[in-house]
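Each remark here refers to the structure printed beneath this line.
The values are calculated or read from the model by the stated rules, or taken from the named source; none is laboratory data. It should be emphasised that the depicted structure is a prediction, and the values quoted were computed from it without experimental measurement. Note that we place each Cβ from the backbone using ideal geometry, even for glycine, and neighbour counts take in every protein chain shown.
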Amino acid sequence: MFLSRDDEAALKGEHGAGVQTAMDLLVTVGEAFDAPKMIPVTRAHAASSGQEGDLFFVELLAKGNARCRIPTTTNPVANLEYFQNIMDKRQKDYVEESSIAWKVKEYYREIGAIMSQSCIPYLAENIPQYGEHVAFSESSATPYVNSVLGALTNRESIQTALAAGIIGETPEFGLHFRENRKGTVLVKVKTQLRNGYDYSILGQYVGKKVENGIPVFDGISKRPAIDQYINLCAMMNVTGAIPLFYVPGFTVDGATVDEAFGGNRPEDVFDVTDREMKQTVEELQTTNADIDLVQLGCPHYNLDQLGVVAGLLEGKKLRPNVSFWINTSATTKVMAERAGYVQILEDAGAHVVTDTCIDIVAYNFLRGKTGMTDSPKCAYYRRFKNVRVATVEECVAAAVEKE
Ligand code: F3S
(Lines give C-alpha, C1' and ligand atoms only; values in the text may rest on other atoms or scores of the structure.)
Protein backbone atom coordinates (compact mmCIF):
# COMPACT_ATOMS: atom_id res chain seq x y z
CA MET A 1 0.00 0.00 0.00
CA PHE A 2 1.43 3.36 -1.01
CA LEU A 3 1.85 5.79 1.89
CA SER A 4 2.78 9.45 1.53
CA ARG A 5 5.67 10.86 3.56
CA ASP A 6 3.19 12.33 5.98
CA ASP A 7 1.39 8.97 6.34
CA GLU A 8 4.76 7.28 7.01
CA ALA A 9 5.63 9.88 9.62
CA ALA A 10 2.26 9.36 11.34
CA LEU A 11 2.79 5.61 11.30
CA LYS A 12 6.23 5.96 12.88
CA GLY A 13 4.79 8.03 15.72
CA GLU A 14 6.29 11.35 14.65
CA HIS A 15 2.92 13.09 15.15
CA GLY A 16 2.30 11.52 18.56
CA ALA A 17 1.11 8.22 19.96
CA GLY A 18 -2.61 8.87 19.36
CA VAL A 19 -2.13 9.69 15.69
CA GLN A 20 0.12 6.63 15.38
CA THR A 21 -2.63 4.39 16.82
CA ALA A 22 -5.20 5.81 14.40
CA MET A 23 -2.87 5.47 11.39
CA ASP A 24 -1.86 1.95 12.38
CA LEU A 25 -5.53 0.89 12.40
CA LEU A 26 -6.27 2.46 9.02
CA VAL A 27 -3.19 0.97 7.36
CA THR A 28 -3.97 -2.47 8.79
CA VAL A 29 -7.53 -2.29 7.43
CA GLY A 30 -6.25 -0.94 4.09
CA GLU A 31 -3.79 -3.80 3.72
CA ALA A 32 -6.46 -6.35 4.61
CA PHE A 33 -8.64 -5.00 1.77
CA ASP A 34 -5.77 -4.49 -0.73
CA ALA A 35 -6.23 -0.71 -0.79
CA PRO A 36 -3.68 0.88 -3.15
CA LYS A 37 -3.38 4.05 -1.06
CA MET A 38 -4.99 6.38 1.46
CA ILE A 39 -7.42 9.05 0.21
CA PRO A 40 -8.57 12.25 1.94
CA VAL A 41 -11.95 12.24 3.68
CA THR A 42 -13.65 15.47 4.66
CA ARG A 43 -16.09 14.29 7.36
CA ALA A 44 -16.56 11.38 9.72
CA HIS A 45 -19.29 10.06 12.00
CA ALA A 46 -18.30 7.75 14.86
CA ALA A 47 -21.11 5.57 16.21
CA SER A 48 -19.94 6.06 19.77
CA SER A 49 -21.82 3.83 22.17
CA GLY A 50 -20.67 4.16 25.76
CA GLN A 51 -19.42 0.59 25.80
CA GLU A 52 -16.07 -0.71 27.01
CA GLY A 53 -14.51 -1.20 23.57
CA ASP A 54 -15.42 2.35 22.64
CA LEU A 55 -13.92 3.71 25.85
CA PHE A 56 -10.71 1.73 25.33
CA PHE A 57 -10.04 3.17 21.87
CA VAL A 58 -11.06 6.79 22.43
CA GLU A 59 -9.06 6.89 25.68
CA LEU A 60 -6.01 5.61 23.81
CA LEU A 61 -6.37 8.39 21.25
CA ALA A 62 -7.00 11.11 23.84
CA LYS A 63 -4.09 10.09 26.05
CA GLY A 64 -1.87 10.01 22.96
CA ASN A 65 -2.84 13.66 22.27
CA ALA A 66 -4.72 12.91 19.03
CA ARG A 67 -7.17 15.55 17.82
CA CYS A 68 -9.83 15.39 15.07
CA ARG A 69 -8.61 16.91 11.84
CA ILE A 70 -11.99 16.95 10.10
CA PRO A 71 -15.57 17.42 11.39
CA THR A 72 -16.32 14.21 13.30
CA THR A 73 -19.76 13.81 14.85
CA THR A 74 -20.75 11.34 17.56
CA ASN A 75 -23.62 8.95 18.20
CA PRO A 76 -25.93 9.13 21.21
CA VAL A 77 -24.54 7.65 24.41
CA ALA A 78 -26.68 8.63 27.39
CA ASN A 79 -28.07 11.92 28.65
CA LEU A 80 -27.02 11.14 32.20
CA GLU A 81 -28.13 14.51 33.54
CA TYR A 82 -31.69 13.72 32.44
CA PHE A 83 -31.63 10.25 33.99
CA GLN A 84 -30.08 11.54 37.22
CA ASN A 85 -33.09 13.77 37.71
CA ILE A 86 -35.66 11.03 37.36
CA MET A 87 -34.19 7.83 38.73
CA ASP A 88 -32.68 6.30 41.77
CA LYS A 89 -28.95 7.01 41.53
CA ARG A 90 -28.19 4.08 43.74
CA GLN A 91 -29.35 1.71 41.06
CA LYS A 92 -26.32 -0.47 40.51
CA ASP A 93 -26.31 -0.86 36.74
CA TYR A 94 -26.99 2.85 36.28
CA VAL A 95 -23.93 3.80 38.33
CA GLU A 96 -21.77 1.30 36.45
CA GLU A 97 -22.99 2.54 33.10
CA SER A 98 -22.58 6.14 34.16
CA SER A 99 -18.90 5.76 34.83
CA ILE A 100 -18.27 4.50 31.29
CA ALA A 101 -20.64 6.91 29.56
CA TRP A 102 -19.29 9.99 31.37
CA LYS A 103 -15.72 9.03 30.49
CA VAL A 104 -16.51 8.21 26.86
CA LYS A 105 -18.13 11.62 26.39
CA GLU A 106 -15.23 13.41 28.08
CA TYR A 107 -12.65 11.72 25.85
CA TYR A 108 -14.63 12.44 22.69
CA ARG A 109 -14.83 16.08 23.74
CA GLU A 110 -11.09 16.09 24.47
CA ILE A 111 -10.14 14.80 21.01
CA GLY A 112 -12.25 17.53 19.41
CA ALA A 113 -15.19 15.45 18.17
CA ILE A 114 -18.50 17.27 17.66
CA MET A 115 -20.80 16.29 20.52
CA SER A 116 -23.86 15.93 18.28
CA GLN A 117 -24.86 12.73 20.13
CA SER A 118 -27.31 11.81 17.39
CA CYS A 119 -27.72 8.77 15.14
CA ILE A 120 -29.14 10.92 12.32
CA PRO A 121 -26.31 13.54 12.04
CA TYR A 122 -26.74 13.62 8.27
CA LEU A 123 -29.93 15.72 8.71
CA ALA A 124 -28.37 18.61 10.60
CA GLU A 125 -24.93 18.48 12.17
CA ASN A 126 -22.85 16.66 9.55
CA ILE A 127 -24.25 16.70 6.01
CA PRO A 128 -21.97 15.40 3.25
CA GLN A 129 -22.37 16.63 -0.30
CA TYR A 130 -22.68 14.59 -3.46
CA GLY A 131 -19.36 12.98 -4.40
CA GLU A 132 -17.67 13.74 -1.06
CA HIS A 133 -15.49 10.92 0.33
CA VAL A 134 -16.35 10.44 4.01
CA ALA A 135 -16.12 7.82 6.78
CA PHE A 136 -19.53 7.24 8.37
CA SER A 137 -20.40 4.46 10.79
CA GLU A 138 -23.91 3.82 12.22
CA SER A 139 -26.58 1.59 10.69
CA SER A 140 -28.75 4.25 9.06
CA ALA A 141 -25.96 6.76 8.44
CA THR A 142 -23.82 4.71 6.07
CA PRO A 143 -26.58 3.83 3.56
CA TYR A 144 -28.28 7.24 3.93
CA VAL A 145 -25.20 9.26 3.00
CA ASN A 146 -24.26 6.83 0.22
CA SER A 147 -27.71 6.45 -1.31
CA VAL A 148 -29.77 9.54 -0.50
CA LEU A 149 -26.97 12.14 -0.45
CA GLY A 150 -24.53 10.53 -2.90
CA ALA A 151 -21.44 10.72 -0.69
CA LEU A 152 -18.97 7.80 -0.75
CA THR A 153 -18.27 5.80 2.39
CA ASN A 154 -17.58 2.22 3.34
CA ARG A 155 -19.48 0.58 6.17
CA GLU A 156 -17.21 1.78 8.98
CA SER A 157 -16.83 0.66 12.56
CA ILE A 158 -16.76 3.21 15.40
CA GLN A 159 -12.99 2.88 15.54
CA THR A 160 -12.22 3.14 11.82
CA ALA A 161 -14.52 6.16 11.47
CA LEU A 162 -12.88 7.80 14.47
CA ALA A 163 -9.38 7.04 13.16
CA ALA A 164 -10.39 8.61 9.83
CA GLY A 165 -11.57 11.66 11.78
CA ILE A 166 -8.14 11.92 13.41
CA ILE A 167 -6.08 11.38 10.26
CA GLY A 168 -8.40 12.97 7.69
CA GLU A 169 -7.87 9.97 5.43
CA THR A 170 -9.23 6.48 4.82
CA PRO A 171 -7.87 3.51 2.88
CA GLU A 172 -9.18 3.53 -0.68
CA PHE A 173 -11.21 0.38 -1.23
CA GLY A 174 -14.79 -0.85 -1.57
CA LEU A 175 -17.39 1.85 -2.07
CA HIS A 176 -14.81 4.59 -2.60
CA PHE A 177 -14.52 3.14 -6.14
CA ARG A 178 -17.52 3.85 -8.39
CA GLU A 179 -17.27 0.41 -10.05
CA ASN A 180 -18.03 -1.23 -6.68
CA ARG A 181 -21.24 0.74 -6.24
CA LYS A 182 -23.40 -1.13 -8.74
CA GLY A 183 -26.60 -2.85 -7.63
CA THR A 184 -26.35 -6.58 -6.88
CA VAL A 185 -29.93 -7.67 -6.04
CA LEU A 186 -33.23 -6.68 -7.66
CA VAL A 187 -36.09 -6.25 -5.18
CA LYS A 188 -39.51 -6.05 -6.84
CA VAL A 189 -41.77 -4.13 -4.48
CA LYS A 190 -45.34 -5.35 -5.03
CA THR A 191 -46.88 -3.98 -1.87
CA GLN A 192 -48.10 -0.53 -0.93
CA LEU A 193 -45.70 1.40 1.31
CA ARG A 194 -47.91 3.84 3.21
CA ASN A 195 -45.72 5.17 6.03
CA GLY A 196 -42.43 4.98 7.89
CA TYR A 197 -43.51 1.80 9.61
CA ASP A 198 -44.00 0.01 6.28
CA TYR A 199 -40.47 1.06 5.26
CA SER A 200 -39.17 -0.39 8.55
CA ILE A 201 -40.83 -3.70 7.78
CA LEU A 202 -39.49 -3.63 4.21
CA GLY A 203 -35.98 -2.97 5.56
CA GLN A 204 -36.29 -5.74 8.12
CA TYR A 205 -37.27 -8.24 5.41
CA VAL A 206 -34.80 -7.10 2.73
CA GLY A 207 -31.81 -6.99 5.12
CA LYS A 208 -32.47 -10.58 6.15
CA LYS A 209 -32.97 -11.76 2.58
CA VAL A 210 -30.00 -9.92 0.99
CA GLU A 211 -27.65 -10.20 3.99
CA ASN A 212 -24.76 -8.45 2.29
CA GLY A 213 -25.24 -6.58 -0.99
CA ILE A 214 -26.62 -3.56 -2.80
CA PRO A 215 -30.40 -3.81 -3.35
CA VAL A 216 -32.19 -2.01 -6.16
CA PHE A 217 -35.86 -1.40 -5.30
CA ASP A 218 -38.12 -1.54 -8.35
CA GLY A 219 -41.80 -0.63 -8.00
CA ILE A 220 -41.62 2.29 -5.55
CA SER A 221 -43.58 4.96 -7.39
CA LYS A 222 -43.59 7.76 -4.82
CA ARG A 223 -40.56 9.59 -3.44
CA PRO A 224 -39.87 8.17 0.05
CA ALA A 225 -40.08 10.75 2.87
CA ILE A 226 -36.96 11.36 4.94
CA ASP A 227 -38.13 9.24 7.89
CA GLN A 228 -39.05 6.45 5.46
CA TYR A 229 -35.52 6.42 4.03
CA ILE A 230 -34.07 6.51 7.55
CA ASN A 231 -36.15 3.52 8.65
CA LEU A 232 -35.29 1.53 5.54
CA CYS A 233 -31.58 2.23 6.06
CA ALA A 234 -31.59 1.37 9.77
CA MET A 235 -33.58 -1.85 9.61
CA MET A 236 -31.64 -3.27 6.63
CA ASN A 237 -28.58 -3.05 8.87
CA VAL A 238 -30.20 -4.78 11.82
CA THR A 239 -30.95 -7.93 9.85
CA GLY A 240 -28.25 -7.49 7.18
CA ALA A 241 -25.21 -5.47 6.13
CA ILE A 242 -26.39 -3.04 3.45
CA PRO A 243 -24.17 0.00 2.88
CA LEU A 244 -25.90 1.30 -0.26
CA PHE A 245 -29.20 0.87 -2.14
CA TYR A 246 -31.08 2.39 -5.04
CA VAL A 247 -34.65 3.51 -5.49
CA PRO A 248 -34.50 4.32 -9.23
CA GLY A 249 -35.90 7.74 -9.98
CA PHE A 250 -35.50 8.96 -6.38
CA THR A 251 -32.07 8.21 -4.93
CA VAL A 252 -29.41 10.52 -6.33
CA ASP A 253 -27.78 7.85 -8.49
CA GLY A 254 -29.36 5.04 -10.48
CA ALA A 255 -32.04 6.97 -12.36
CA THR A 256 -33.32 3.69 -13.84
CA VAL A 257 -33.04 0.04 -12.81
CA ASP A 258 -30.55 -0.57 -15.65
CA GLU A 259 -28.46 2.39 -14.58
CA ALA A 260 -28.45 1.19 -10.96
CA PHE A 261 -27.01 -2.17 -12.06
CA GLY A 262 -24.50 -0.43 -14.33
CA GLY A 263 -24.48 -3.28 -16.88
CA ASN A 264 -24.26 -6.05 -14.26
CA ARG A 265 -26.82 -8.84 -14.03
CA PRO A 266 -28.60 -9.10 -10.66
CA GLU A 267 -27.22 -11.95 -8.54
CA ASP A 268 -30.71 -12.48 -7.17
CA VAL A 269 -34.25 -11.25 -7.86
CA PHE A 270 -37.15 -11.49 -5.42
CA ASP A 271 -40.60 -10.02 -4.79
CA VAL A 272 -41.86 -8.30 -1.67
CA THR A 273 -45.64 -8.70 -1.55
CA ASP A 274 -48.27 -8.24 1.16
CA ARG A 275 -47.52 -11.80 2.25
CA GLU A 276 -43.82 -11.13 3.10
CA MET A 277 -44.75 -7.87 4.83
CA LYS A 278 -47.46 -9.55 6.94
CA GLN A 279 -45.17 -12.45 7.83
CA THR A 280 -42.39 -10.04 8.89
CA VAL A 281 -44.80 -8.09 11.10
CA GLU A 282 -46.02 -11.33 12.71
CA GLU A 283 -42.47 -12.51 13.42
CA LEU A 284 -41.76 -9.30 15.35
CA GLN A 285 -44.62 -9.69 17.83
CA THR A 286 -44.05 -11.62 21.04
CA THR A 287 -47.15 -10.57 22.96
CA ASN A 288 -50.71 -9.32 22.76
CA ALA A 289 -50.74 -8.33 26.41
CA ASP A 290 -51.50 -4.87 27.68
CA ILE A 291 -48.42 -2.63 27.50
CA ASP A 292 -46.76 -0.48 30.18
CA LEU A 293 -43.95 0.99 28.07
CA VAL A 294 -43.61 2.78 24.71
CA GLN A 295 -40.25 3.63 23.15
CA LEU A 296 -39.98 5.74 20.02
CA GLY A 297 -37.03 7.42 18.34
CA CYS A 298 -34.80 4.55 17.25
CA PRO A 299 -33.33 5.96 15.01
CA HIS A 300 -33.73 9.38 16.62
CA TYR A 301 -36.97 11.07 15.67
CA ASN A 302 -36.76 14.11 13.40
CA LEU A 303 -38.91 17.23 13.77
CA ASP A 304 -41.71 15.95 11.52
CA GLN A 305 -42.01 12.76 13.55
CA LEU A 306 -42.12 14.66 16.85
CA GLY A 307 -44.86 16.81 15.31
CA VAL A 308 -46.88 13.70 14.45
CA VAL A 309 -46.68 12.33 18.02
CA ALA A 310 -47.50 15.78 19.44
CA GLY A 311 -50.57 15.88 17.18
CA LEU A 312 -51.65 12.45 18.39
CA LEU A 313 -51.14 13.30 22.08
CA GLU A 314 -52.45 16.87 22.12
CA GLY A 315 -54.99 17.30 24.90
CA LYS A 316 -54.63 13.66 25.98
CA LYS A 317 -53.03 11.93 28.98
CA LEU A 318 -50.93 8.81 29.00
CA ARG A 319 -52.15 6.08 31.32
CA PRO A 320 -50.30 6.45 34.67
CA ASN A 321 -48.80 2.97 34.42
CA VAL A 322 -47.36 3.57 30.92
CA SER A 323 -43.81 4.88 30.63
CA PHE A 324 -43.46 6.74 27.31
CA TRP A 325 -40.05 7.67 25.88
CA ILE A 326 -39.04 9.47 22.69
CA ASN A 327 -35.37 9.81 21.75
CA THR A 328 -34.22 12.67 19.57
CA SER A 329 -31.20 14.90 18.96
CA ALA A 330 -30.50 18.09 20.91
CA THR A 331 -30.80 20.12 17.70
CA THR A 332 -34.22 18.66 16.93
CA LYS A 333 -35.46 19.10 20.48
CA VAL A 334 -34.71 22.85 20.35
CA MET A 335 -36.79 23.14 17.18
CA ALA A 336 -39.54 20.99 18.72
CA GLU A 337 -39.61 23.26 21.77
CA ARG A 338 -40.01 26.29 19.54
CA ALA A 339 -42.84 24.55 17.69
CA GLY A 340 -44.60 23.80 20.99
CA TYR A 341 -44.34 20.03 20.47
CA VAL A 342 -42.25 19.31 23.59
CA GLN A 343 -44.76 21.08 25.85
CA ILE A 344 -47.62 19.05 24.40
CA LEU A 345 -45.70 15.78 24.77
CA GLU A 346 -44.59 16.51 28.33
CA ASP A 347 -48.08 17.66 29.33
CA ALA A 348 -49.35 14.28 28.19
CA GLY A 349 -46.70 12.55 30.35
CA ALA A 350 -44.07 11.62 27.74
CA HIS A 351 -40.29 11.96 28.11
CA VAL A 352 -38.43 13.64 25.24
CA VAL A 353 -34.79 12.71 25.75
CA THR A 354 -31.79 14.00 23.82
CA ASP A 355 -28.33 12.48 23.30
CA THR A 356 -29.50 9.00 24.29
CA CYS A 357 -29.55 5.61 22.59
CA ILE A 358 -32.23 3.05 23.49
CA ASP A 359 -29.45 0.47 23.84
CA ILE A 360 -27.97 1.76 27.08
CA VAL A 361 -27.83 0.35 30.55
CA ALA A 362 -29.43 3.51 31.96
CA TYR A 363 -32.69 2.28 30.41
CA ASN A 364 -32.48 -0.94 32.40
CA PHE A 365 -34.88 0.38 35.00
CA LEU A 366 -37.53 -0.29 32.33
CA ARG A 367 -36.51 -3.94 32.09
CA GLY A 368 -39.28 -6.51 32.41
CA LYS A 369 -41.97 -4.17 31.09
CA THR A 370 -44.20 -5.10 28.19
CA GLY A 371 -43.06 -2.75 25.49
CA MET A 372 -44.44 -1.28 22.32
CA THR A 373 -42.39 0.47 19.65
CA ASP A 374 -42.61 1.46 16.01
CA SER A 375 -39.04 0.27 15.45
CA PRO A 376 -37.90 -3.32 14.87
CA LYS A 377 -34.38 -2.08 15.69
CA CYS A 378 -35.54 -0.89 19.09
CA ALA A 379 -37.27 -4.24 19.70
CA TYR A 380 -34.04 -6.05 18.81
CA TYR A 381 -31.60 -3.99 20.88
CA ARG A 382 -33.80 -3.41 23.91
CA ARG A 383 -34.34 -7.16 24.17
CA PHE A 384 -37.82 -6.57 25.54
CA LYS A 385 -39.22 -9.53 27.38
CA ASN A 386 -42.45 -8.96 25.51
CA VAL A 387 -42.87 -6.56 22.63
CA ARG A 388 -45.35 -5.35 20.07
CA VAL A 389 -44.02 -3.55 17.01
CA ALA A 390 -46.66 -1.32 15.43
CA THR A 391 -47.28 2.06 13.82
CA VAL A 392 -46.77 5.19 15.89
CA GLU A 393 -50.56 5.75 15.84
CA GLU A 394 -51.11 2.30 17.35
CA CYS A 395 -48.37 2.87 19.97
CA VAL A 396 -50.04 6.10 21.08
CA ALA A 397 -53.55 4.61 21.05
CA ALA A 398 -52.39 1.78 23.33
CA ALA A 399 -50.76 4.21 25.76
CA VAL A 400 -53.41 6.89 26.28
CA GLU A 401 -56.26 6.96 28.75
CA LYS A 402 -59.53 5.96 27.18
CA GLU A 403 -62.05 8.80 26.99
FE1 F3S B 1 -30.00 5.32 17.36
FE2 F3S B 1 -29.38 3.73 19.35
FE3 F3S B 1 -31.45 3.16 17.87
S4 F3S B 1 -27.98 4.73 17.98
S5 F3S B 1 -30.79 3.88 15.89
S6 F3S B 1 -31.25 4.97 19.18
S7 F3S B 1 -30.02 1.67 18.70
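Could you please find all residues in the range 255-301 being more than 17 Å from Lys208 (Cβ to Cβ) and within 16 Å of the ligand (Cβ to nearest atom)?
Leu293, Val294, Gln295, Leu296, Gly297, Cys298, Pro299, His300, Tyr301
Does Thr28 satisfy being without any contact (Cβ under 8 Å) to a residue 12 or more places away in the chain and out of contact with any helix residue (DSSP H, G or I) (no Cβ under 7 Å at 6 or more places or on another chain)?
Taking the combined requirement at face value, the residue satisfies it.
Residues of the range 368-403 being assigned to a loop (DSSP other than H, G, I, E, B) and farther than 23 Å from Gln117 by Cβ, which ones?
Gly368, Lys369, Phe384, Lys385, Ala390, Thr391, Glu401, Lys402, Glu403
When the range 354-372 is examined, which residues are found to be β-branched (Val, Ile, Thr) and within 12 Å of the ligand (Cβ to nearest atom)?
Scanning the range 354-372 gives Thr354, Thr356, Ile358, Ile360.
Among what's in the range 1-51 and is of a type in the set (A, V, I, L, M), part of a loop (DSSP other than H, G, I, E, B) and within 17 Å of Gly112 (Cα to Cα), pick the residue that is farthest from the chain's Cα centre (by Cα).
Here the answer is Val41.
I'm trying to understand the selection: among the residues of the range 1-16, which are farther than 16 Å from Pro171 by Cβ and either at pLDDT below 95 or loosely packed, with under 14 Cβ neighbours inside 10 Å (or both)?
Arg5, Lys12, Glu14
Taking Thr332, is it within 14 Å of the ligand (Cβ to nearest atom) and touching a strand residue (DSSP E or B) at 6+ places or on another chain (Cβ under 6 Å)?
No; evaluated as a whole, the condition is false for this residue.
Which of the following residues is of a type in the set (Gly, Ala, Ser) and within 12 Å of the ligand (Cβ to nearest atom): Ser323, Ser375?
The unique qualifying residue is Ser375.
With respect to Val400, is the statement that it is more than 16 Å from the ligand (Cβ to nearest atom) and surrounded by 20 or more Cβ atoms within 10 Å (Cβ to Cβ) true?
So Val400 does not fit the description; no.
Condition test on Asn154, is it in contact with a Gly (Cβ under 7 Å, 6 or more places away or on another chain) and of a type outside the set (Gly, Ala, Ser)?
yes
Here are the criteria: (1) part of a helix (DSSP H, G or I); (2) at positive phi. Tell me which single one Gly112 does not satisfy.
(1)
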